[in-house]
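To start, the structure under review is shown below, and the notes come after it.
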Amino acid sequence: MSALLEVRNLVTEFGKGLGLLAVNGVSFTLDRGKVLGLVGESGSGKSVTGFSIMRLLDKPGRIASGQILFDGVDLATTSEGEMRRLRGKRIAMVFQDPMMTLNPVLTVGTQLIEAVLAHEAVPKEVARQRARDALGLVGIPSPEERLSAYPHEFSGGMRQRVAIAIALLHRPDLIIADEPTTALDVTIQSQIISEFQRLTEQSKTAVIWITHDLAIVSRLADEIAVMYAGRLVETGSVAHVLGTPRHPYTRGLIMSVPSQNRRGEPLRQIPGITPAINRLPPGCSFRARCDRATEGCSAMPELSWEGARAYRCFHPVEGPTHER
Amino acid sequence: MAVSLIRRLIQAIFVILAMTVIVFVGVNVIGNPVDILINPDANQAERLRVIAHYGLDQPLWKQYMLFLQGLVHGDFGNSFVYGRPALSLILERLPATLELAISALLIAIVIGLPLGLYAGLYPNRISSRLIMSGSILGFSLPTFWVGLMLIMVFAVELRWLPTNGRGATAEFLGAQWSFLTRNGLSHLLLPAFNLALFKTSLILRLTRAGVQEVLPQDYIKFARAKGLSERRIVFVHVLKNLMIPLVTIIGLEFGSLIAFSVVTESIFAWPGMGKLIIDSINLLDRPVIVAYLMMMVILFVGLNFIIDVCYTLLDPRVRLDAKA
C-alpha cells in the first residue's frame, strides 16, 4: 500500500525570485491513519508547510517546486477546482486561533451546514441533521439549540470543538492541525487533544499535527519531523527522535521543556533566535546557535539516514539526552 | 431591547430640543426679514403693523416659546412669503426630493458596491486601478460642474435627455412621482446621476477597503479550507461582514442626500425641498427655514435610530441591551 501523503522536495517561496524560502526542500511521507508531529519554533516554516499542502498560502507565497502527492494526485500542480473538491472533503484543516476561525456574523449552524453542502447535494434538512450530529460528536451540549448560536456565544474551547466538528464532517483522509490547542488553556487543551485522538482513530484519519509543544507530540504522534529555518533537520519515529535525538537543535528543544529541568535550576534554553529567512547564513542554519558547530558546518549538511530515521548534521549527538 | 429603545427615544428628544435652540437663534442672526418683507415705501404705522403681525416685536425668548408651543402641535408657523403653513409647503416638495435622493442612492449602490467588490478582490488588475482612479474623480469633481457638464453633453449636444424640471408625473400614495412615467424618468436620470456620483465613489472605496480588511482574516481562510465555492465566500462570508460599515454609511448618506441636494436641484431646476430652502434663505422666510432645518434634524435622528436597529440584525455581537 502506498503512502497517503508523500511530500517531495517541497519549496515554498515568498516573493518571486527574492529567495525567501519559507519551506526549503522538505520531504516526508504519511501513511493512512498515522499521526505526524511537525515540530519547530515560530518561523521555522511548519505552518507554511501545512498551508502549502492545503494550497491556502497567503500572497505572495507560492509553491515554487516539489511535489505533494496525495493519494496519487499532485496537489502542487492540480487545478484549483480539484483542490476545492478535496478541501474539507478529503483534506481538512484546524487552525490555531479558534477565536478567529469562525465567521462572527454567521451562525454556527450555517457554517456547519454550508460545509456539508459544499461537498454533498443533500436536502438542507439532512445537512442540518448532519451538522447537529457533528456537534454532538465533539461533545457540545444541546447541539440542536447551539446550531442557531453565533460564535461569540461560545468559549474558545467550544469554538475549537466546532472547528474540529467541521473538519471531521466528511471523515477526511487527512487533517492538518495547525497548533489547534496553543490558544487554549491547559485543561481545555487536554480535553481537546483526547477528543481529537479519539475521533481521528475512529475514522482512521491521518493527522499532521503542527506544534512547538513536544509534550503534545510525544502523546499523540507516531512520527515526528523537526523543522528549522525552512528545512527538515530531523525525522523519525517519536521514540527515536525524542528518546535519542541526533540533531543538536532537537536536543535543545527537548531540554527546553521545563519538566526536563531539575527544581531550582535555571530553565534551559537554546541561545539566540531563529534566523530570519532572508538572512540565513550559508551552510547549516543552526550553526550560530550550536555548541557543536565547527568550521565544516559552513557547508550545508545533507540528511543522513540511519534506518527509518534521518538527521541533518555533521556532528550528531550520540546516546540518550540525559547523559549529556 | 424595550428599555434601550426608550433611552434612545429620550436622547433623541433632547437632541431635537437642543437643535431648536441653535436653529432658532441662528436664523435670527442671519438677517432681519422685515427689511425684505415690507415694501420700502410703507409708512411707519404700516411697518409696525406688519412686525406685530409676524410677532417680530416680541423678545427672542418669547418668540422661541411661541415657536415651541406651535411645534408641539406640529405647527411651524406660516411662511412669510407664501402665507401658508411652512410645514405643508415643505411636505409638498418632499416627494420630488425623496425620489431624487432614493434614485441617487440606488445608482450609488448598484454601481459602487460591485465595482468596490471587484477592486477589493483583484486589487492588482489594471481595471481595478482604473476604477480606483475613477473614484478619485468622483470624489473631487465639484457637483455643480459635473451637473453642468452632464447637461451640456447629454441635453445640449446629444439631445438625449431633458435639462430641467420633473417632466410628467403620476400619482402614487397621494403624491406626484416622476419615476412612474417614461417622460418623468428621463427627467430624473441626469440629476439623479449627478447626485449619485460622489456617493458612488464613497461606497466604492468603502467596499474595497472592507474587502481588503476581511479577506486576510482567518475565517475566510477557514471557509476556503472547508472547500466552499469562491462565490459563497465572496457573497456570504465577505459581504455579510461588509454590510455593517456599509449600512452605517448608506444610512447617513441618505440623510445628507436629502438635506444637501440643494446644488443639484438648483442646476436641474428640480422643484424639491433643496430649491425651496435656497429660495427661502434668500427671502429670509424664517418659518420655512426653521421648519426645514427641524425636519432634517428629525430625519437624521430617525436614520441613526434605524441604523442602530439594523446593526442588531446584521451583527450578532451588537445587542442594544448590552449598552445599558
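The values are calculated or read from the model by the stated rules, or taken from the named source; none is laboratory data. In this text, all values refer to a predicted model and were calculated from it rather than measured experimentally. Quick reminder, even Gly has a Cβ in these numbers, built from the backbone with ideal geometry, and neighbours come from all protein chains shown. With ligands, DNA and RNA removed, areas are computed over all heavy atoms of the protein, side chains included. Shrake-Rupley method; radii C 1.70, N 1.55, O 1.52, S 1.80 Å.
Of all accessible surface on chain A at a 1.4 Å probe, what whole percent is carbon and sulfur?
Answer for chain A is 52 percent, counting heavy atoms of protein chains only.
Output wanted: per-residue J couplings in Hz (rounded whole) for segment B:147-159, from phi through Karplus 6.51 cos²θ - 1.76 cosθ + 1.60, θ = phi - 60°, x for Gly and Pro.
x, 5, 5, 4, 4, 4, 6, 7, 9, 7, 6, 7, 6
Using amide H atoms built 1.01 Å from N in the peptide plane, name the residues 5+ places from A:Val94, or on other chains, whose amide H lies under 5 Å from its own.
It is A:Ile176, A:Ala177, A:Asp178, by chain and number.
To the nearest 10 degrees, how steeply does helix B:182-214 sit against the main Cα axis of chain B, on a 0 to 90 scale?
Rounded to the nearest ten degrees, it is 50.
I'd like the Karplus ³J(HN,Hα) series for segment A:58-63: coefficients 6.51, -1.76, 1.60, θ = phi - 60°, whole numbers in Hz, and an x wherever there's a Gly or Pro.
6, 5, x, x, 7, 7
Of B:Asn164, B:Thr181, B:Leu87, whose Cα points farthest to the positive end of the dipole of chain B (charges on the beta-carbon: +1 Lys, Arg; -1 Asp, Glu; origin at the Cα centre)?
With unit charges placed on the Cβ atoms, the residue in question is B:Thr181.
Under the definition of partner shielding as Cβ atoms of other protein chains within 10 Å of a residue Cβ, what is the mean value for peptide A:100-112?
Average per residue, whole number: 5.
What's the magnitude of the charge dipole for chain B around its Cα centre, counting Lys and Arg as +1 and Asp and Glu as -1 at the beta-carbon? Answer in Debye, nearest 20.
Once rounded to the nearest 20, the dipole reads 1340 debye.
Pick out, from A:Ser190, A:Ala215, A:Ser47, the residue whose Cα sits farthest towards the positive end of the charge dipole of chain A, with +1 on the Cβ of Lys and Arg and -1 on the Cβ of Asp and Glu.
Farthest along the dipole direction, towards plus: A:Ser47.
Probe radius 1.4 Å, ligands and nucleic acids left out: can you give me the accessible area buried at the A-B interface, summed over both chains, in Å² to the nearest hundred?
That pair of chains buries around 2200 Å² in total.
What are the residues whose amide H is under 5 Å from the amide H of A:Gly25, where those residues sit 5 or more places off or on another chain and H is modelled from the backbone?
Result for A:Gly25 returns A:Leu10, A:Val11, A:Thr12.
Amide H to amide H, which residues 5 or more places from A:Met227 or on other chains are under 5 Å from it, using H placed in the peptide plane?
A:Val39, A:Gly40, A:Val233
With a 1.4 Å probe and all protein chains left in place, how much accessible area per residue does chain A have, in Å²?
It amounts to 44 Å² per residue over chain A.
Where only protein heavy atoms count, and the probe is 1.4 Å, what is the accessible area per residue for chain B in Å²?
Ligands and nucleic acids excluded, the figure is 51 Å² per residue.
Per DSSP helix of 4 or more residues, -39500 (n - 2.57); summed, then divided by the residues of chain B. What does that give at 222 nm, rounded to the nearest 500?
After summing the helix terms and dividing by the residues of chain B, the value is -23000 deg cm²/dmol.
Rounded to the nearest 10 degrees, what's the angle between the helix B:86-121 long axis and the longest principal axis of chain B, both from Cα atoms, 0 to 90?
Between the helix axis and the principal axis of chain B, the angle is about 20 degrees.
Whole-Hz ³J(HN,Hα) for each residue in segment B:31-36, computed from phi via Karplus 6.51 cos²θ - 1.76 cosθ + 1.60 with θ = phi - 60°, x for glycine and proline: what do you get?
Listing the rounded values in order: x, 9, x, 4, 4, 8 Hz.
Angle, helix A:186-202 long axis vs. longest principal axis of chain A, Cα atoms, 0 to 90°, nearest 10?
The angle comes out near 80 degrees.
Counting GluC sites (Glu not before Pro) as exposed when in a DSSP loop with at most 15 other beta carbons within 10 Å, what is the longest stretch of chain A free of them?
Here the longest segment lacking exposed loop sites spans A:121-301.
May I ask for the net charge around A:Leu38, where only other residues with Cβ less than 14 Å from the Cβ of A:Leu38 are counted and Lys, Arg are +1 while Asp, Glu are -1?
Net local charge, A:Leu38 excluded: -4.
Using mean Cβ contacts within 10 Å as the protection proxy, how do B:19-29, B:189-199 order, highest first?
B:189-199, B:19-29
Considering the Cα trace of chain B, what is its radius of gyration and what is Dmax, both in angstroms?
Calculated on Cα positions, Rg and Dmax stand at 23.9, 86 Å.
Please report the spacing between the Cα centers of segment A:237-314 and segment B:228-254 in Å, no decimals.
That distance is 49 Å.
Which one of B:Asn241, B:Ser229, B:Leu257 has its Cα pushed farthest toward the positive end of the charge dipole of segment B:145-264, where Lys and Arg give +1 and Asp and Glu give -1 at the Cβ?
B:Ser229
In segment B:271-316, what residues drop by 10 Å² or more of accessible area when the other protein chains are put back, versus the chain on its own? Use 1.4 Å, and skip ligands and nucleic acids.
For segment B:271-316, once contacts with the other chains are taken into account, B:Pro316 lose 10 Å² or more.
Kindly provide the helix-only [θ] at 222 nm of chain A, computed as the sum of -39,500 (n - 2.57) over DSSP H runs of four or more divided by all residues, to the nearest 500 deg cm²/dmol?
The helix contribution divided over chain A gives -8500 deg cm²/dmol.
Given charges of +1 on the Cβ of Lys and Arg and -1 on the Cβ of Asp and Glu, with all other atoms neutral, how large is the dipole of the protein assembly as shown about its Cα centre, in debye to the nearest 20?
Once rounded to the nearest 20, the dipole reads 800 debye.
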